[in-house]
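Contents: one structure, followed by commentary.
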Amino acid sequence: KESEKDYRLSEKISKGVFLTRNLVSEPANELYPEKFVDDCKILAKAGIELEIFDEKKLKKLGMRALLGVAQGSVRPARVLVMKWMGSKNKNDRPLAFVGKGVTFDTGGISIKPSGGMEDMKWDMGGAAVVSGLLYSLALRKAKANVIGIVGLVENMPDGNAQRPGDIVKSMSGQTIEVLNTDAEGRLVLADILWYVTKTYKPELIVDLATLTGAIIVALGDRYAGFFSNSDSLANKLLKASINMKELLWRLPLDSEFDKLLNCNIADMKNITGTRGAGSITAAQFLQRFVGNTKWAHLDIAGVTWSNKGTALSRSGGTGFGVRLLDNFVKENYE
């Protein structure tokens with residue numbers, strides 16, 4: 001009976017993992033912002049409340065950093081909010097999980113080299129993990145209040161695309177000089193991190209993003225890099241990482257790195273202009289949009305996709321992060 005109980009629980013978590021893998025592995029002509037939202041409507045059947053923001057709503061909210069990334073694509077941007085209120089006390093502050101959902105990333109005007117660009121269909125890996133996690137939590141009736149939010153855009157080099165040197169005003173009111181349109185994921189996350197911080201006042205925020213090639217240089221395809229402004233949150237994530245064998249490696253945040261983002265004509269720039277510490281300065285950028293909330297950023301660029309497969313997945317999307325964060329919630333907040 002105990003084995004069967006464990007099996008049934010694992011089966012529910014697996015459905016979240018498979019949703020994530022399927023989203024990550026889909027080609028970009030089949031999976032774009034609107035289609036991503038449609039594919040996630042299955043979550044409503046599990047009891048998750050869905051809220052969808054179209055371009056009109058995003059403009060009204062002032063999510064200009066996110067919309068700037070999307071403006072070169074014929075595919076309109078979307079933001080999807082997923083709410084699971086499973087705690088006995090519905091007033092408990094929620095846990096928030098935030099995902100980057102760039103359904104295809106050409107780099108925009110700062111276009112990427114053609115070799116390997118086909119891999120950028122999985123640049124929405126963070127959004128896929130958040131969706132799969134919420135599905136798993138709902139299916140197993142997790143006793144926690146959880147908000148998932150994903151920013152969905154396509155980054156294309158159209159005649160209307162954002163230009164290097166443009167300045168955008170984020171939802172937070174902070175202005176950003178866009179020096180490189182291929183550093184777009186942080187622009188998407190900036191607005192939705194601010195939105196979830198101000199709207200839900202969460203207990204904590206964990207964001208996931210295939211954010212930097214630098215993290216692959218540092219950690220390869222074995223570890224995800226992560227950053228946090230809270231040692232207690234970081235330790236809980238590391239413990240879950242060990243439990244699930246989805247490995248994390250913590251990297252530093254530092255005010256000296258943060259200064260590299262300062263800008264003469266805007267509140268900040270989206271890249272530093274130096275080659276060093278690219279993953280760290282990207283994390284410093286995101287930290288500017290979470291206030292004093294406990295926060296962790298997982299850079300999953302090296303672990304979202306595997307050409308050779310892993311111990312638990314064939315080649316393609318790995319689903320890395322769903323099991324880790326499900327365990328994190330279960331062990332600490334239920």
Any idea what the dipole of the stretch 220-334 comes to, in debye rounded to 20, about its Cα centre with Lys/Arg Cβ at +1 and Asp/Glu Cβ at -1?
300
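If you stretched the chain out fully between S255 and D166, how much longer would it get, using 0.36 nm times the residue separation minus the C-alpha to C-alpha distance?
Details: separation 89, 0.36 × 89 = 32.04 nm, distance 2.56 nm.
Stretched out fully, the S255 to D166 stretch lengthens by 29.5 nm.
Hydropathy at least -1.0 by Kyte-Doolittle, axial extent at least 15 angstrom from the Cα trace: which helices of the chain, defined as entire DSSP H runs, fit? Please report the intermediate quantities before stating the final value.
On the way: long enough: 2-25 (34 Å, -0.70); 125-139 (21 Å, 1.66); 185-200 (22 Å, 0.56); 231-244 (20 Å, 0.11); 322-333 (16 Å, -0.41).
The qualifying helices are 2-25, 125-139, 185-200, 231-244, 322-333.
Where does the chain land at 222 nm, in deg cm²/dmol rounded to the nearest 500, when only DSSP H runs of n ≥ 4 count, each adding -39500 (n - 2.57), divided by all residues?
Rounded to the nearest 500, the figure is -11500 deg cm²/dmol.
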For the stretch 247-293, with the dipole built from +1 on Lys and Arg beta-carbon atoms and -1 on Asp and Glu ones, taken about the Cα centre, which of L247, I280, G291 lies farthest toward the positive end?
L247
What's the Cα-based Rg to Rh of the chain, Rh via Kirkwood?
0.94
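With every protein chain present, what is the per residue accessible area of the stretch 161-259 (1.4 Å probe, Å²)? Write out the running numbers ahead of the final one.
Details: 4110 Å² over 99 residues.
Value for the stretch 161-259: 41 Å² per residue.
Considering only protein heavy atoms, what per residue accessible area in square angstrom results for the stretch 20-118 with a 1.4 angstrom probe? Don't jump to the answer; show the numbers that get you there.
On the way: 4610 Å² over 99 residues.
That works out to 47 Å² for each residue.
Could you give the size of the charge dipole of the chain about its Cα centre, using +1 on the Cβ of each K and R and -1 on the Cβ of each D and E, expressed in debye and rounded to the nearest 20? Working shown, then result.
Details: 45 positive and 38 negative charges, 198 e Å.
Taking the Cα centre of the chain as origin, the dipole is about 960 debye.
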Ignoring ligands and nucleic acids, E26 exposes an accessible area, probe 1.4 Å, in Å² to the nearest 10, of 70
Can you work out the FRET efficiency for the pair R93 and I52, with r the C-beta to C-beta distance and R0 = 22 Å, to the nearest 0.05?
0.40
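Only four residue types carry charge here, +1 at the Cβ of Lys and Arg and -1 at the Cβ of Asp and Glu. Report the dipole size of the stretch 24-100 about the Cα centre in Debye, rounded to the nearest 20.
Working: 15 positive and 10 negative charges, 83 e Å.
Value, rounded to 20: 400 debye.
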Extension gain, V217 back to E331 (0.36 nm per residue minus Cα-Cα distance, nm)
37.9 nm
Give me the compactness ratio for the stretch 66-109, meaning the Cα radius of gyration over 2.2 N^0.38 Å.
1.71
Can you give the direction-averaged projected area of the convex hull of the alpha-carbon atoms in the stretch 1-59, in nm²?
5.5
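From Cα pairs below 8 angstrom and at least 6 apart in sequence, can you work out the relative contact order of the chain, rounded to a whole percent?
Values: 780 pairs, mean separation 74.3, N = 334.
The normalised contact order for the chain reaches 22 percent.
Roll a 1.4 angstrom probe over the protein heavy atoms and tell me the percent of accessible area of the stretch 70-219 that is carbon or sulfur. It would help to have the intermediate numbers written out before the result.
Details: 2510 of 4880 Å².
Heavy-atom surface of the stretch 70-219 belonging to carbon and sulfur, 1.4 Å probe: 51 percent.
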Quick one: how many lysine pairs in the stretch 75-135 have C-alpha atoms under 25 angstrom apart, if they're 8 or more apart or on different chains?
4
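The values are calculated or read from the model by the stated rules, or taken from the named source; none is laboratory data. Everything numeric in this text was worked out from a predicted model, so none of it was measured. Cβ coordinates were reconstructed from backbone atoms using ideal geometry, including for glycine residues, and neighbour counts include every protein chain displayed. Ligands, DNA and RNA are stripped out before the accessible areas are found, and what is left, the full protein with its side chains, is counted by its heavy atoms. Shrake-Rupley method; radii C 1.70, N 1.55, O 1.52, S 1.80 Å.
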